[in-house]
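Data first, discussion second: the structure below is written as structure tokens.
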Amino acid sequence: MEIKGKTAVITGAASGIGLAAARELVKHGIEAMALVDLAPGVEDLAKELNATAGREIAQAFRGNTTEEDFRAHVFASMRERHGAVNICVPAAGITRDALAVKLNKEKGKAHIYPLENFKLVVDVNLIAPVYWALELVSQMAEQRFEKGLGRWTPDEGVQGVVVFIGSVSSRGNKGQISYSATKVGLEGAASTLMTEAIFYGIRCAVVHPGFTDTPMVRALGEEYIKKHILPSTQIGRLIRPEEIADAICFLIRNSAVSGQLWADAGWHPMPT
């Protein structure tokens, strides 16, 4: 599906992969874009992209991606101004890393990973992205009904694309039981939604980035990155967000590619 002339929604747009994806979509001629994030930086990004394009193509929405009313507001606003959304990249995500079970050797007491942390990560990283994607499918279904269209046919061309942000951690990564679980969950959600959403001409895919130079990864600390990440990465550096953004646009534009794309820079976990 060509990006030029389409409408997109990106969550987590104030930094990292979401920000890079927004900039890359502008290069490909996106017509309109909703930039979603809790951070105020999303408003600065909208101004930057509008200046780059020489017209208003980006609109900032500040809010919590897990809130249903906020999600509905974003999609309703975009539909009112630009028609049904064609592209959704739900890139907002968090980590709450810790061992699943950690034994206090002095007291002989085992500490289990906090349930509230697991639920929070699932809400943000799995449930929210899936429901942002479902909003796109819902809009497209309603638009086709309004036009008297039934099952999509290939001669129409792809009508919409959802790209979920997975992770190499979906293979399993020490200290990331909740994060890894959500990224595996996105694989199942994408596979299931693809079988349903293609009825309306919508493709779904997952890009699995390796360790990328984002605030989330930098928060691990330079020492940890040098000791535990870079030695396991074939290119010997963190992946640039722009490289993942390029992969996202590839998934959008190339309709022959489905399922999962591993943009992992050859990363494999080191033996413990």
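Readers should treat all values here as calculations from the given coordinates under stated rules, not as data from a laboratory. All values derive from a computational prediction rather than experimental measurement. Cβ: placed from backbone, ideal geometry, glycine included. Neighbour counts: every protein chain shown.
Before moving on, here are some points about what is shown:
- With 0.36 nm allotted per residue and the present C-alpha distance subtracted, the residue 141-residue 62 stretch has 25.8 nm of extension available.
- Its Cα centre serving as origin, the range 7-263 has a Cβ charge dipole (Lys and Arg +1, Asp and Glu -1) of approximately 880 debye.
- Selected from 154, 215, 241 as most flexible by GNM, with the chain as the system and alpha-carbon contacts under 10 Å: 154
- Computed over the alpha-carbon atoms, the range 7-263 gives an Rg to Rh ratio of 1.00, Rh here being the Kirkwood radius from the mean inverse distance.
- Charge dipole of the range 7-263 about the Cα centre (unit charges at C-beta), most positive-ward option of 263, 136, 234: 234
- Listed residue pairs exceeding 21 Å between alpha carbons, taken from 119/174; 107/174; 105/226; 119/227; 107/227; 4/183: 107/174; 105/226; 119/227; 107/227; 4/183
- Residues 147, 226, sorted so that the one with the fewest Cβ neighbours within 10 Å comes first: 147, 226
- As a rough footprinting exposure proxy, the listed residues 177, 94 were ranked by other beta carbons within 10 Å of their own, and the order from fewest upward is 94, 177.
- Approximating the spin labels as points 7 Å out from Cα along Cα→Cβ, the residue 107-to-residue 70 distance works out to 3.5 nm.
- If you look at the Cα atoms of the range 89-133, you get an Rg and a Dmax of 14.5, 47 Å.
- Positive-end residue of 219, 1, 33, charge dipole of the chain with Cβ unit charges: 219
- The range 213-232 and the range 88-154 have their alpha-carbon centroids 24 Å apart.
- Think of the chain as a dipole: +1 on every Lys or Arg Cβ, -1 on every Asp or Glu Cβ, centred on the Cα centre; then among 204, 42, 244, 244 lies furthest on the positive end.
- For the chain, calculated [θ]222 nm from helices alone, where every DSSP H run of n ≥ 4 adds -39500 (n - 2.57): -12500 deg cm²/dmol
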